[in-house]
1. I'd like to know if the stretch B:207-222 contains one or more residues that are buried (at least 24 other Cβ atoms within 10 Å of the Cβ), charged (D, E, K, R), under 27 Å from B:Ser91 (Cβ atoms) and touching a residue at least 40 places away in the same chain (Cβ under 8 Å).
2. Condition first: within 16 Å of ligand 1 (Cβ to nearest atom) and at pLDDT 95 or above. Can you find one or more residues in the stretch A:222-235 that meet it?
3. Being assigned to a helix (DSSP H, G or I) and among the polar types (S, T, N, Q) is the filter here; which residues of the stretch A:39-98 pass it?
4. Given the structure, is A:Leu173 in contact (Cβ under 8 Å) with a residue 40 or more places away in the chain, farther than 16 Å from A:Thr229 by Cβ, more than 23 Å from the chain's Cα centre (by Cα) and surrounded by fewer than 20 Cβ atoms within 10 Å (Cβ to Cβ)?
5. Give me the pairs, please: first residue somewhere in the stretch B:56-79 and without any contact (Cβ under 8 Å) to a residue 24 or more places away in the chain, second residue anywhere and in a helix (DSSP H, G or I), beta-carbon distance under 7 Å, and either six or more positions apart or on two chains.
6. If you take the residues of the stretch A:192-214 that are in a helix (DSSP H, G or I) and at pLDDT 85 or above, which of them is farthest from ligand 1 (Cβ to nearest atom)?
7. Sort out which residues of the stretch A:69-86 are away from ligand 1 (no atom under 15 Å from the Cβ) and surrounded by fewer than 20 Cβ atoms within 10 Å (Cβ to Cβ), and write them in order of number.
8. I'd like the full set of residues that are β-branched (Val, Ile, Thr) and over 16 Å from A:Pro313 (Cβ atoms), limited to the stretch A:56-94.
Amino acid sequence: MNASLAPVVTLRTQASGDLDDAPSLASASSAAKKGLTTMTTQPFLKVEGLKRQFPQPGKPDPAPVFEELHFGIERGQFVCVLGHSGCGKTTILNILAGLDEATDGHVIMDGREVRGPSLDRGVVFQGHALMPWLSALKNVEFAVRSRHPDWSAKQVREHAVKYLELVHLGHALDKKPAELSGGMKQRVGIARAFSIEPKMLLLDEPFGALDALTRGSIQDELIGIVEATQQTVFMITHDVDEAILLADRIVLMTNGPRAKIAEIVVNPLARPRVRETLHQQPAFYTLRNHLVDFLVKRSREFQPGPDWDPKHPPLVHPGQASQSA
Amino acid sequence: MKKAWLAPLLSALFFALFVGVWYLATSAPSGGGAAPDMDPEYAALMGAQAQAGGQSAMPGPGEVAAKIWEHLSDPFYDRGTNDKGLGIQISYSIARVLGGYLLAALVAIPLGFVIGMSPLVYKALDPFIQILKPISPLAWMPLALYTIKDSGISAIFVIFICSLWPMLVNTAFGVASVRREWLNVARTLEVSPMRKAFLVILPAAAPTILTGMRISIGIAWLVIVAAEMLVGGTGIGYFVWNEWNNLSITNIITAILLIGLVGMLLDHILAWIARAISWRE
Ligand SMILES: Nc1ncnc2c1ncn2[C@@H]1O[C@H](COP(=O)(O)OP(=O)(O)OP(=O)(O)O)[C@@H](O)[C@H]1O
Ligand SMILES: [Mg+2]
């Protein structure tokens, strides 16, 4: 599996070095060509017609977890996916990360099709996925050294320390994951993903296992880092308030199987958002009620209307829509 | 924690009790009581000592202690093939065990890695492992002697064979059950296969591998005594067999104690390494 990785990587760097030659390269599929020629209008990340079927014994054509997913993410945008457990959120993220393959459709990032994992996309996993035999610092150093194999030990260490300090873990560098609290582990995972300075971050319910207080403080840290680095982020969450606090766009998924994108909600709340004062903004409750209503009712009962087009899921502006409707 | 001295005290008590019973059983106070009842042929077999009178052939704790002291004060004497110090004999055994064991580790750990990483190789090799694993290592001995034609190397081969399986099976299992999420981390970081093998899979599987290595060293130490009894020449197993022929029960008991001690030491070394490389989640 991994042996085939190396040539793909070299092809990629060639392609990025000389964009005009890219379409003639073996790796540049027709999809990538399309991505290149229309780059001016294409978003940074484009998901087209994504579908994932898991083979089931005794069923030749099992119901796909999701199908006909189309959406895009602009550079620097923070997109949250909201949906019930089992609708396929982790599966989407794995496909974006290149860890899993779609049955149909494709993902194009920065003009090139996603095939296999890449250092361009940093992943924070649903479980923290730290290596328990390494200290917090060594866990981050492992990632930094992967990104910069030519760096000296000192450079690697300084870079790793910098990112651990960013998540306020400068005091716990030499602690093993077993000696860290759940929130601290999650922060090491975030520092690890940020430390490789990827083009895009993929976060799979990074705060799912945390208590409300810890969750709040790490969310604030995340807001700080994302705003400072202008990261493009794709994040999965169960939590409506988390989505409102963090996201520019909120992708609403219906329940699986055959999950779809019902709509994409545009967050009307201005940045920077501060948790303490967020609920005082007039649009807050309209937005929140809209999302909760979707999770409680519409995610289950969603029926595509006549003008619902999976290729262009409706963009909803709850603050304004509810007044005009 | 509160009464930490209780267990050692109890151990000492058990030891004293054991030595006491041993002493009483072997001091044979009623003298000639046993001798007249003894079958004359058996008495003849038991040798002059038994014939001479009621003195039990079984040595008492005092004699064994004296013998141990004698061996301890001169462990490495060498007076010909059949009369070497216990230190020399046990060194031969340890050398054979380590030789066969390290060879087995050299084969089992890389092979186990391959088996653990590839379900195909695992399926292909599984029937062989299933059949070869339950074979008593001593059953290989004649075949080894016939093909290798050297008794010393044959003993090492037998140790190799018996230490191979636990290490192989445990390595394969440990490697196959490395968490998917750690492998995914390595994949998203585009880690090279070599770095992945040594920095992710090896440390993740190390505790399981070490468990296999600990089982192996235990088995190897069990087997070496039997193997040396068979091939003869040198080693603690041969020593025991030779002393049985000399009817020196005192020497045999001393050797048995030493075998136990060395076995415990080997196990403790492996346990110590296992503790050093284990990780907690
Ligand atoms: N490897 C797999 N083989 C078979 N089915 C799978 C596999 N991985 C996921 N699924 C199925 O796909 C569906 C979606 O799984 P996924 O993990 O993406 O859900 P999720 O939306 O992330 O849920 P949660 O919010 O609980 O994390 C589930 O019904 C699950 O059973
Ligand atoms: Mg999930």
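1. Within the stretch B:207-222, not a single residue is buried (at least 24 other Cβ atoms within 10 Å of the Cβ), charged (D, E, K, R), under 27 Å from B:Ser91 (Cβ atoms) and touching a residue at least 40 places away in the same chain (Cβ under 8 Å).
2. Just the residues of the stretch A:222-235 that are within 16 Å of ligand 1 (Cβ to nearest atom), to begin with: A:234-235.
Add one more test, that the residue is at pLDDT 95 or above, and what stays is A:234-235.
The answer is yes, given that some residue of the stretch A:222-235 is within 16 Å of ligand 1 (Cβ to nearest atom) and at pLDDT 95 or above.
3. Here is the first cut: in the stretch A:39-98, the ones assigned to a helix (DSSP H, G or I) are A:89-97.
Hits for the stretch A:39-98 are A:Thr90, A:Thr91, A:Asn94.
4. On the way: in contact (Cβ under 8 Å) with a residue 40 or more places away in the chain: no; farther than 16 Å from A:Thr229 by Cβ: yes; more than 23 Å from the chain's Cα centre (by Cα): yes; surrounded by fewer than 20 Cβ atoms within 10 Å (Cβ to Cβ): yes.
No.
5. Here the result reads B:Pro75/B:Leu86; B:Pro75/B:Gly87; B:Phe76/B:Gly87; B:Phe76/B:Ile88; B:Asp78/B:Ile88, each pair linking the stretch B:56-79 to a residue that is in a helix (DSSP H, G or I).
6. Taking the stretch A:192-214 first, the residues in a helix (DSSP H, G or I) are A:192-195, A:212-214.
Now restrict to residues that are at pLDDT 85 or above: A:192-195.
Values: A:Arg192: 20, A:Ala193: 18, A:Phe194: 22, A:Ser195: 25 Å.
Applying the filter and picking the extreme gives A:Ser195.
7. Passing the criteria: A:His70, A:Gly72, A:Glu74, A:Arg75, A:Gly76, A:Gln77.
8. A:Val65, A:Thr90, A:Thr91
The values are calculated or read from the model by the stated rules, or taken from the named source; none is laboratory data. Predicted model, so just to flag it, every value in this text is computed and none were measured. As a convention, Cβ positions derive from the backbone with ideal geometry for all residues, glycine included, and neighbour counts pool all protein chains shown.
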